[in-house]
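**Q** I have a structure I would like to understand better, so I am pasting it below and will then ask my questions one at a time.
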């Protein structure tokens, strides 16, 4: 009755109409709960979530890796910069301290008005039983055996041996040195020598002499080595034992020998003063 | 000859460390003379004349640096070296257990020489006994603990030097052929 072509065209038109009607109906009832949508959601969403989270995690890891690498590099760089800054700061601090010490030495040099030669301590005695240091000035700089060695704080020692460019200085805390000394306040006189424990002892001070703890001791200038008036130390203890004619006076040296770095060698030793009768 | 020069160089390095580096790093007054292990080593492990030459050279150098009367260190080192030469005749002093004791003994000998000789010669007054005892005891403990390590370093250096010399001799022999 109908040709096959006619049937196909009618079928297509019907399908198109049904589709349009269906779309129109579904458009009108958009808010209705169909159920099928929930099933699809329940089935697919978990996978979507897993894949989505995984991709996000991978992305985050990837991004953070690069961030961390960059941060680590930056951290290394900053650490190096910090280390350099610290080293620079240490050098500056050291320079400031050295400057301060040298300024004190210079002031002292101008104050004493003697021909002095600054020298640096470069080594200490290898033995703990002897107190000496090695300085970086010797015969070529005019250093001679017996010359006094001082610091801004006071007397340090005496040149014991001289080489061309170096000299050995025996410190006043060594047992083999002696400095003719006066108590600044009472003018009591004696000899300051070293002891075995990095202190000094004020010897041959008669019992009647007025010596008190805290008294400042200065060089008398009578030994012909150290100029008069240089600080030697201060009295740390006084003991008058038994019937001894001398009192035992312990002295804390004015120079800190543990941190001795720069000294002055006095190249023009004073002429010994004649004691007043 | 090369060995002697090596050990003299070692000695000078130790001396610089002891007198210029260590004082700047704090108070090391309890530490022993670092050349003592070297002298012990020379007595135990080197030939007679090699060891003697190095001991003499180092003794003179240290005497020159110290304010001790000339010859004190030389005397101390020679006594230690001679004692080591004598000990190796009948004792296995290279033994792990004996070595620290030998080191402590050597430090004691050096201190005896440096403290007793000036007293005998009336060159200086006695050092307070308590201080002398504590200082010597501290030095001996340091020597007990660290002396064998220094000896091991010297031993390794000697071994490497010998290997180097053997290789150099072999190379020369091959070249000559």
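The values are calculated or read from the model by the stated rules, or taken from the named source; none is laboratory data. No experiment lies behind these values; they were computed from the predicted model shown. Glycine gets a Cβ as well: all are built from the backbone with ideal geometry, and neighbour counts include every protein chain shown.
**Q** Being away from chain B (no Cβ under 14 Å), part of a helix (DSSP H, G or I), within 27 Å of the chain's Cα centre (by Cα) and free of Cβ contacts under 8 Å to residues at least 12 places away in the same chain narrows it down to one of A:73, A:56, A:103, so name that one. Walk me through how you get there before you give the answer.
**A** Numbers: A:73 fails: within 27 Å of the chain's Cα centre (by Cα); A:56 fails: within 27 Å of the chain's Cα centre (by Cα).
Of the residues listed, the single one that is away from chain B (no Cβ under 14 Å), part of a helix (DSSP H, G or I), within 27 Å of the chain's Cα centre (by Cα) and free of Cβ contacts under 8 Å to residues at least 12 places away in the same chain is A:103.
**Q** Still on this structure, please answer the following. Does residue B:81 fit the bill of being within 21 Å of residue A:129 (Cβ to Cβ) and more than 13 Å from every other protein chain (Cβ to nearest Cβ)?
**A** On the way: within 21 Å of residue A:129 (Cβ to Cβ): yes; more than 13 Å from every other protein chain (Cβ to nearest Cβ): yes.
The answer is yes for residue B:81.
**Q** Residue B:56 versus (1) within 13 Å of chain A (Cβ to nearest Cβ); (2) surrounded by fewer than 17 Cβ atoms within 10 Å (Cβ to Cβ): which is the lone unmet condition?
**A** For residue B:56, the exception is condition (1).
**Q** Consider region A:153-179. How many of its residues are more than 14 Å from chain B (Cβ to nearest Cβ) and crowded, with 21+ Cβ neighbours inside 10 Å?
**A** Summing the residues that are more than 14 Å from chain B (Cβ to nearest Cβ) and crowded, with 21+ Cβ neighbours inside 10 Å in region A:153-179 gives 3.
**Q** Within region A:106-127, count every residue that is more than 14 Å from chain B (Cβ to nearest Cβ) and touching a helix residue (DSSP H, G or I) at 6+ places or on another chain (Cβ under 9 Å). So that I can check it myself, show each step before the final result.
**A** Restricting attention to region A:106-127, the residues satisfying the condition of being more than 14 Å from chain B (Cβ to nearest Cβ) are A:106-119.
Then keep just the ones that are touching a helix residue (DSSP H, G or I) at 6+ places or on another chain (Cβ under 9 Å); that gives A:116-119.
Here the count works out to 4.
**Q** When you scan region A:250-258, do you find a residue that is part of a helix (DSSP H, G or I), surrounded by fewer than 21 Cβ atoms within 10 Å (Cβ to Cβ) and at pLDDT below 90, even just one? Spell out the reasoning first.
**A** First, the residues of region A:250-258 that are part of a helix (DSSP H, G or I): A:257-258.
Still in the running and surrounded by fewer than 21 Cβ atoms within 10 Å (Cβ to Cβ): A:257-258.
Add one more test, that the residue is at pLDDT below 90, and what stays is A:257-258.
Yes, region A:250-258 contains a residue that is part of a helix (DSSP H, G or I), surrounded by fewer than 21 Cβ atoms within 10 Å (Cβ to Cβ) and at pLDDT below 90.
**Q** Exactly one of these conditions fails for residue B:25: (1) facing chain A (nearest Cβ under 9 Å); (2) modelled with pLDDT under 85. Give me its number.
**A** Only one criterion is unmet by residue B:25, namely (1).
**Q** Let me ask something else about it. Regarding residue B:49, is this residue surrounded by fewer than 22 Cβ atoms within 10 Å (Cβ to Cβ) and not in a helix (DSSP H, G or I)? Give the derivation first.
**A** Values: surrounded by fewer than 22 Cβ atoms within 10 Å (Cβ to Cβ): yes; not in a helix (DSSP H, G or I): no.
No.
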